[in-house]
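Structure, as structure tokens:
The values are calculated or read from the model by the stated rules, or taken from the named source; none is laboratory data. Here the structure is a predicted model, which means the values were calculated and not measured. Cβ coordinates were reconstructed from backbone atoms using ideal geometry, including for glycine residues, and neighbour counts include every protein chain displayed. Surface areas here come from the heavy atoms of the whole protein model, side chains and all, with no ligands, DNA or RNA. Shrake-Rupley method; radii C 1.70, N 1.55, O 1.52, S 1.80 Å.
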Amino acid sequence: MPTGASTSVYDCTILPLKKARNRAGNLTCVDGGRHLTYQVRRIYFLYDVPGGAVRGGHAHKTLHQFMVAAAGSFDIHLDDGLNRRVLTLNRPDTGLLIVPGIWRELVNFSSGSVCLVLASAEYNEADYIRSYAAFEEFKCRLQ
Ligand code: TYD
């Protein structure tokens, strides 16, 4: 696994999750050992996001995250300082693995959407890069 400074948006992968269908409803499980390359140390979720809001707007130096649209949908803009990708999460049986060193913005949240995040470490503000200029410097792509 490349370090956060050398990762690319193409290291971020969409992973299908198993869905147990039932007439009484569906169930989807994230199997840590099979789906994730890290141990989950924190779970958080975004909800009640107003229309037009932008979440994220930062990168992480070392944190791995797995994001699932547990309800509704939203778009994720990924940026490694060189390449950009825009992905839509819109089903609870599919997630996105985001490696460290990726600038991300979450936009276009549908009403009632829930973004579930399984993270590799406890909350640590020192792991955030909150300015795009500092992110570019971190990625060593400044001229
Ligand atoms: P932030 O990660 O910037 O949110 P987003 O990327 O979704 O826009 O976090 C928003 C605020 O919540 C910030 O003040 C820190 C706090 N926070 C925690 O206390 N614990 C957490 O696990 C997270 C993710 C955020």
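Each Lys and Arg Cβ is given +1 and each Asp and Glu Cβ -1; about its Cα centre, the stretch 102-143 then shows a dipole of about 180 debye. Of the trypsin sites (Lys or Arg not before Pro) found in the stretch 4-64, those that fall in a DSSP loop while having at most 11 other beta-carbon atoms within 10 Å are R21, R23. Think of the chain as a dipole: +1 on every Lys or Arg Cβ, -1 on every Asp or Glu Cβ, centred on the Cα centre; then among M67, Y123, G25, G25 lies furthest on the positive end.
Structure remark: mean-square fluctuation, Gaussian network model of the chain, C-alpha springs under 10 Å; the largest value among P16, P92, P100 belongs to P16. Computed 3J(HN,Hα) for the stretch 103-111, one whole-Hz value per residue from the Karplus formula 6.51 cos²θ - 1.76 cosθ + 1.60 where θ = phi - 60°, is 6, 9, 9, 10, 9, 6, 5, 7, 4, glycine and proline marked x.
Values of log10 I(q)/I(0) for the chain across q = 0.10, 0.18, 0.21 Å⁻¹ run -0.33, -1.06, -1.39, by the Debye formula with one identical scatterer at each alpha carbon and no solvent.
Each 5 Å bin from zero up to the one holding the largest Cα-Cα distance in the stretch 34-96 carries the following percent of pairs: 3, 12, 23, 27, 23, 9, 2.
If one computes the Cα centroid of the stretch 113-143 and of the stretch 23-78, what distance in Å separates the two points? Each part's Cα centre sits 15 Å from the other's.
A Gaussian network model of the chain, with springs between Cα atoms under 10 Å, assigns the largest mean-square fluctuation among G33, G101, G112 to G33. A convex hull fitted around the alpha carbon atoms of the stretch 68-128 yields 94 Å³ per residue. Ligands, DNA and RNA left out, the accessible area of the stretch 26-143 computed with a 1.4 Å probe is 50% carbon and sulfur. Helices in the chain, meaning DSSP H runs of at least 4 residues, each add -39500 (n - 2.57). Divided by all residues, the mean residue ellipticity at 222 nm is -1500 deg cm²/dmol.
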